[in-house]
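**Q** Mind having a look at this structure? Questions to follow.
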Amino acid sequence: MKFHKSIVQTTCPSPLGAIALAATSKGLAGLWFIDGQRYLPEEVAGLAQWPADPDHPVLKQASRQLAEYFAGRRKHFDVPLDLDGGTAFQQSVWQALLAIPPGGTASYGEVSRRIGKPLAMRAVGAAVGRNPVSIIVPCHRVMGSDGSLTGYGGGLHRKVALLRLEGIPLEKLP
């Protein structure tokens, strides 16, 4: 994943742990749980540093919308996104994730078919795992073909919590 040189960051609290947000002038480019997140950029992990800008309008908007989401007052996000750091294939997968409605799920096979690559389930899984804007680009809504929970970059406990927050029937979850 390549990030634009103008990227800035901030953090915000959530019931599932602190979240790092990153944005460019175009939109939100990153959303990661600071603790226990797979594929955490080194600039968020502390090995390097993006400039902090808590007053950046996109970061403020994302933080506010996340607070509303976790409070149960928001189902859809309208913060602008900057997903340009991914490959064309990754971007097509991330766009397909945005089409999964709140309270709904899709399998990796369904996402593969939606992007016109019905045999690319493993590649789709890799792109889902590399989603840089979790929650808002809802990779937590992707399940195994049998409806089972599969990996989540922020940890399965967070995936379960997000699905429950969105009203996925509890009998489908552990």
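**Q** Condition first: within 15 Å of the chain's Cα centre (by Cα) and within 14 Å of Ser6 (Cβ to Cβ). Now tell me which residues in segment 22-58 satisfy that.
**A** Ala22, Ala23, Gly27, Leu28, Ala29, Gly30
**Q** Kindly indicate whether any position in segment 36-54 is closer than 18 Å to Gly154 by Cα and part of a strand (DSSP E or B).
**A** no
**Q** To continue, here is another question. Hey, among Leu98, Leu83, Leu59, which residue is crowded, with 18+ Cβ neighbours inside 10 Å, touching a residue at least 12 places away in the same chain (Cβ under 8 Å) and within 26 Å of Ile168 (Cβ to Cβ)?
**A** Answer to the selection: Leu83.
**Q** A further question follows. Mind counting the residues in segment 133-165 that are at pLDDT 95 or above, in contact with a Gly (Cβ under 7 Å, 6 or more places away or on another chain) and either over 22 Å from Ser14 (Cβ atoms) or in a loop (DSSP other than H, G, I, E, B) (or both)?
**A** Here the count works out to 1.
**Q** Hey, does segment 1-11 have a residue that's within 18 Å of Arg64 (Cβ to Cβ), in contact with a helix residue (DSSP H, G or I) (Cβ under 9 Å, 6 or more places away or on another chain) and in a loop (DSSP other than H, G, I, E, B)?
**A** Looking for residues that are within 18 Å of Arg64 (Cβ to Cβ), in contact with a helix residue (DSSP H, G or I) (Cβ under 9 Å, 6 or more places away or on another chain) and in a loop (DSSP other than H, G, I, E, B), one finds none in segment 1-11, hence no.
**Q** Going through Gly129, Gly109, Gly147 one at a time, which residue ends up being touching a residue at least 60 places away in the same chain (Cβ under 8 Å) and not basic (Lys, Arg)?
**A** None of the other options fit; the residue is Gly129.
The values are calculated or read from the model by the stated rules, or taken from the named source; none is laboratory data. The shown structure was predicted, so the numbers you read here are calculated from the model rather than taken from an experiment. Neighbour counts run over all protein chains shown; Cβ positions are idealised from the backbone, glycine included.
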